[in-house]
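Below: the structure, in structure tokens.
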Amino acid sequence: MPLAVVLVSPRNPLNIGAAARALSNFGFSDLRLVQPYEVAFREAVSAVGGAAVLQNAKVFDTLAGALADCSVVVGTTSVGNRELQQPIHTIEASAPLIRGHVATGRAALLFGSEKFGLSNDDLSFCHHLLRIPTVPETPSMNLGQSVAVCLYELIRDPSAIASPPVRRAVSGADAEQLTTMLLELLDASGYTNRIVAVSTTRKIRRFFRRIRLEQRDARLVLGILRQLLWKLRS
């Protein structure tokens with residue numbers, strides 16, 4: 001199954017090792033780390049049985065780079081007091097959506113740091129969110145355990161794989177290029193300013209994930225945006 005597990009700013013090498021072990025347990029191998037806190041994570045003793053996954057884990061400086069080849073990104077959250085901008089599903093409801101998508105493209109499961117979870121910036125890369133039902137008194141789970149639960153749910157019922165969608169969704173790299181291009185156009189037109197720049201970037205990024213463009217549509221929209229930007233600057 002073409003699925004990447006992406007850990008954003010993980011702090012504890014033991015949790016990284018436990019996540020690698022969970023990938024190996026359930027037949028996955030694509031582990032990606034964005035700015036891991038501890039550089040010695042590859043020696044984590046908690047990766048029993050998952051040493052190969054840990055040794056082959058890819059490290060990225062940015063989340064955009066880690067998601068460049070992923071056309072669907074699902075973030076994990078315990079919700080808490082956050083006001084979320086994306087649809088949120090239970091893990092049971094989210095699993096069939098992910099299984100259906102991987103027939104035609106790569107999906108990513110996104111996990112935040114142990115201390116802070118996913119930031120608003122991180123969440124802006126997600127198409128939808130999932131949560132593991134826990135009791136209100138202890139809403140958050142250990143990182144390695146969360147990875148294990150999510151991966152188990154994905155492989156629990158292979159016969160439930162949905163029919164592959166007809167269309168091929170835009171990749172993460174193309175979605176980010178569209179975001180950048182539209183932001184340049186809005187900046188050149190005077191729509192944005194420094195005060196609202198960060199907020200606007202997040203809104204535009206979420207917009208391109210929400211409308212779920214096809215790859216062929218992405219090329220068309222990019223061409224239109226380039227032409228408009230050229231006209232505006234000429």
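The values are calculated or read from the model by the stated rules, or taken from the named source; none is laboratory data. Everything quoted here is computed from the prediction, not taken from an experiment. With ideal geometry, Cβ positions are generated from the backbone for all residues, glycine too; neighbour counts draw on all protein chains shown.
Would you call Arg210 in contact (Cβ under 8 Å) with a residue 12 or more places away in the chain and under 22 Å from Ala68 (Cβ atoms)? Steps first, answer last, please.
Values: in contact (Cβ under 8 Å) with a residue 12 or more places away in the chain: yes; under 22 Å from Ala68 (Cβ atoms): yes.
Yes.
Looking at the range 169-186, is at least one residue touching a residue at least 60 places away in the same chain (Cβ under 8 Å) and surrounded by fewer than 18 Cβ atoms within 10 Å (Cβ to Cβ)?
Scanning the range 169-186, I find at least one residue that is touching a residue at least 60 places away in the same chain (Cβ under 8 Å) and surrounded by fewer than 18 Cβ atoms within 10 Å (Cβ to Cβ), so the answer is yes.
Which one is modelled with the lowest pLDDT among residues in the range 114-153 that are out of contact with any helix residue (DSSP H, G or I) (no Cβ under 8 Å at 6 or more places or on another chain) and among the small types (Gly, Ala, Ser)?
Among those that are out of contact with any helix residue (DSSP H, G or I) (no Cβ under 8 Å at 6 or more places or on another chain) and among the small types (Gly, Ala, Ser), it is Ser140.
Out of Ala95, Ala68, Ala107, which single residue is out of contact with any Pro (no Cβ under 9 Å at 6 or more places or on another chain), under 29 Å from Thr180 (Cβ atoms) and in contact (Cβ under 8 Å) with a residue 12 or more places away in the chain?
Details: Ala95 fails: under 29 Å from Thr180 (Cβ atoms); Ala107 fails: out of contact with any Pro (no Cβ under 9 Å at 6 or more places or on another chain).
After ruling out the rest, the residue left standing is Ala68.
Out of all the residues in the range 31-64, which are closer than 11 Å to Ser9 by Cα, modelled with pLDDT of 75 or more and surrounded by 13 or more Cβ atoms within 10 Å (Cβ to Cβ)?
Of everything in the range 31-64, those that are closer than 11 Å to Ser9 by Cα, modelled with pLDDT of 75 or more and surrounded by 13 or more Cβ atoms within 10 Å (Cβ to Cβ) turn out to be Arg32, Leu33, Val34, Gln35, Pro36, Tyr37, Val59, Phe60, Leu63.
For residues that are touching a His at 6+ places or on another chain (Cβ under 9 Å) and among the aliphatic types (A, V, I, L, M), scanning just the range 154-207, find the one that is modelled with the highest pLDDT.
Among residues in the range 154-207 that are touching a His at 6+ places or on another chain (Cβ under 9 Å) and among the aliphatic types (A, V, I, L, M), the one modelled with the highest pLDDT is Ala169.
Which pairs have Cβ atoms under 8 Å, sit 6 or more apart or on different chains, and link a residue in the range 133-155 that is within 21 Å of Arg99 (Cβ to Cβ) to one that is part of a helix (DSSP H, G or I) and of a type in the set (Val, Ile, Thr)?
Taking only residues 6 or more apart or on different chains, the pairs are Pro133/Ile91; Val149/Ile91; Cys150/Ile91; Glu153/Ile91; Leu154/Ile98.
Criterion first (exposed (fewer than 15 other Cβ atoms within 10 Å of the Cβ), over 15 Å from the mean Cα position of the chain (by Cα) and not assigned by TED's automatic domain parsing to the domain that holds Thr179) does Pro96 satisfy it? Spell out how you get there, then give the answer.
Numbers: exposed (fewer than 15 other Cβ atoms within 10 Å of the Cβ): no; over 15 Å from the mean Cα position of the chain (by Cα): yes; not assigned by TED's automatic domain parsing to the domain that holds Thr179: yes.
The answer is no for Pro96.
Specify the residue that is surrounded by the fewest Cβ atoms within 10 Å (Cβ to Cβ); the eligible residues are those in the range 205-225 that are within 16 Å of the chain's Cα centre (by Cα) and in a helix (DSSP H, G or I).
By that ranking, first place goes to Arg210.
Report whether or not Glu137 is in a helix (DSSP H, G or I) and not aromatic (Phe, Trp, Tyr). Working first, answer last.
On the way: in a helix (DSSP H, G or I): no; not aromatic (Phe, Trp, Tyr): yes.
When the stated conditions are applied, Glu137 does not pass them.
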